[in-house]
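Novice: Here it is, the structure, as structure tokens.
The values are calculated or read from the model by the stated rules, or taken from the named source; none is laboratory data. These numbers come from a predicted model, not from an experiment. Glycine gets a Cβ as well: all are built from the backbone with ideal geometry, and neighbour counts include every protein chain shown. The area values use the complete protein model at the heavy-atom level, side chains included, leaving out ligands, DNA and RNA. Shrake-Rupley method; radii C 1.70, N 1.55, O 1.52, S 1.80 Å.
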Amino acid sequence: MIDRDGFRPNVGIILLDNEGQVFWAKRTRGNGWQFPQGGINKNETAEEAMFRELYEEVGLKPHHVDVLGSTPGWLKYQLPRKFHKRDSDPSFVGQKQVYYLLRLLEDESKVDFNKTAKPEFEDYRWVNFWYPAENVIHFKKNVYKRALKHLEFLTKQA
């Protein structure tokens, strides 16, 4: 589902532990680290997509987390041309995302990357809240900064 401007609707997941650190995951392909994220399917709400992706990518179910909030509207990033999908119609240029801030309610031993045949991640660590904004791949940095800035106040209420 790509919009007329070439952006794919997507959700991002910022998962907090009890110390206020965020879940930072290493992708299985390459050396990249990022927040869990994934596309919104047709006839699926953003929240439904978030819970589906949370399970597929991290192995967590809705009762394992508390939803603290989400960003309003879409945060967009364009992919560098080398990442464009050539066979996409309409043309795919980037992603538009809603980010959800979640608090982990269970022990982290519930994390399981093997819920799908092709796991997205192979490792994770807990990092300072702002660490991802400076350490994600360059074309996502602005979106990460905006999402974290918008959601930061919720970490103080939880």
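Novice: Only bridges with both residues in the chain count here: give the DSSP antiparallel percent, nearest 5.
Specialist: Counting DSSP beta bridges with both partners in the chain, the antiparallel share is about 70 percent.
Novice: Another one. With the Cα gyration tensor of segment 100-142 in hand, convert its eigenvalues to equivalent ellipsoid semi-axes via √(5λ) and list them largest first in whole Å.
Specialist: One finds semi-axes of 22, 16, 9 Å for segment 100-142.
Novice: Can you give me the solvent accessible area of residue 27 with a 1.4 Å probe, rounded to the nearest 10 Å²?
Specialist: We get 60 Å² for residue 27.
Novice: Go ahead and run the numbers for FRET between residue 42 and residue 142, Cβ-Cβ distance against an R0 of 30 Å, rounding to 0.05.
Specialist: 0.60
Novice: Among 13, 137, 40, which one moves the most in a GNM of the chain with springs linking Cα atoms closer than 10 Å?
Specialist: Between 13, 137, 40, it is 137 that shows the largest mean-square fluctuation.
Novice: Kindly identify segment 66-158 as rounded, prolate or oblate by the Cα gyration tensor criterion: order the square roots of the eigenvalues as a ≥ b ≥ c, call it rounded if a/c is under 1.5, otherwise compare a/b with b/c, prolate if a/b is larger, else oblate.
Specialist: Here segment 66-158 falls in the oblate category.
Novice: Distances longer than 22 Å among the Cα atoms of segment 5-81: what percent of all pairs is that?
Specialist: Roughly 27 percent, once rounded to a whole number.
Novice: Is there a quick way to get the dipole size of the chain? I mean about its Cα centre, with the Cβ of Lys and Arg at +1 and of Asp and Glu at -1; what is the value in debye to the nearest 20? Don't skip to the answer; put the middle values down first.
Specialist: Details: 25 positive and 22 negative charges, 171 e Å.
Approximately 820 debye in magnitude.
Novice: What lysines does residue 42 reach when the alpha-carbon gap must be under 20 Å and sequence neighbours fewer than 8 apart in one chain are set aside?
Specialist: 76, 85, 96
Novice: Taking each pair of different alpha-carbon atoms in the chain once, compute 1/r for the pair, average those values, and report the inverse of that mean as the Kirkwood hydrodynamic radius in Å to one decimal.
Specialist: Kirkwood radius, the chain: 15.9 Å.
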